[in-house]
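Report on the following structure.
Nothing in this text is a laboratory measurement; each read-out follows from the coordinates by a stated rule. All figures in this text were calculated on a predicted structure; none of them were measured in a lab. Note: ideal-geometry Cβ built from the backbone for every residue, glycine included; neighbour counts use all protein chains shown.
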């Protein structure tokens, strides 16, 4: 199980497939769309072959929680999701102490794991920026990150916590997590700026269509043109 619904979760999945097979990002180093490469066509055509075979047809309608619940009920052997799932399954599931976590499968270009979006920040529109900043400092403190890691299996940003005995006891797969960090890929939100949401929607929409049976090369070429139009505004 994985997230096939047309939203940012699918952007993350597709970004990993594209990177792992050698397609890189959907932008080049100069910020120009480069989506319709042979590698990207191959990656998404292969992913489309999973639908109705190793994954059910309805995976195209599933988000993070839909896929988690199906897996947690025991209706799927494998799940691609975020690390918070581990804590939930350990708390209230017949999977407690009967599951493991592994790196994503590698492609010709290696493994790729999309960096998540759990950052904490202060809105520039906040009426109480000092108080908000104090809350962020508290939530990113070592003690609070340790608590969040133990109780929710949220990844700490403080490296020492991956060696903490209490954290490792609660979340065993954090041991040796350095390998995963080496395969992190970052969505090009900085390159795109304020138009990222629109560009990402074009990307996930194209991938969703391909997963549903649309020709990959044709659809990616169209999406590349749509991206270029948006970014030239």
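Per-structure values
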quantity: FRET E, pair residue 77, residue 133, Förster distance 45 Å, beta-carbon r, rounded to 0.05; calculated: 0.50
quantity: Mean-position separation - Cα centroids, the range 137-155 and the range 78-95, in angstrom; calculated: 18
quantity: Gain on full stretching of the segment that runs from residue 175 to residue 65 - 0.36 nm per residue minus C-alpha separation; calculated: 37.0 nm
quantity: Anisotropy class of the range 8-126 from Cα gyration tensor, a/c 1.5 cut; calculated: oblate
quantity: Alpha-carbon Debye profile of the chain, log10 I(q)/I(0) at 0.08, 0.12, 0.15 Å⁻¹; calculated: -0.34, -0.77, -1.13
quantity: Equivalent ellipsoid dimensions for the range 85-135 as semi-axes, Å, which come from the Cα gyration tensor, largest first; calculated: 35, 22, 6
quantity: Chain lengthening between residue 166 and residue 49 when straightened (0.36 nm per residue, less Cα-Cα); calculated: 37.9 nm
quantity: Spatial separation of Cα centroids for the range 10-63 and the range 183-232, in angstrom; calculated: 10
quantity: Where only alpha carbons of the range 117-183 are counted, the Rg and the Dmax (Å); calculated: 14.1, 42
quantity: Gain in span if fully extended, residue 225 to residue 189, counting 0.36 nm per residue against the direct Cα distance; calculated: 11.1 nm
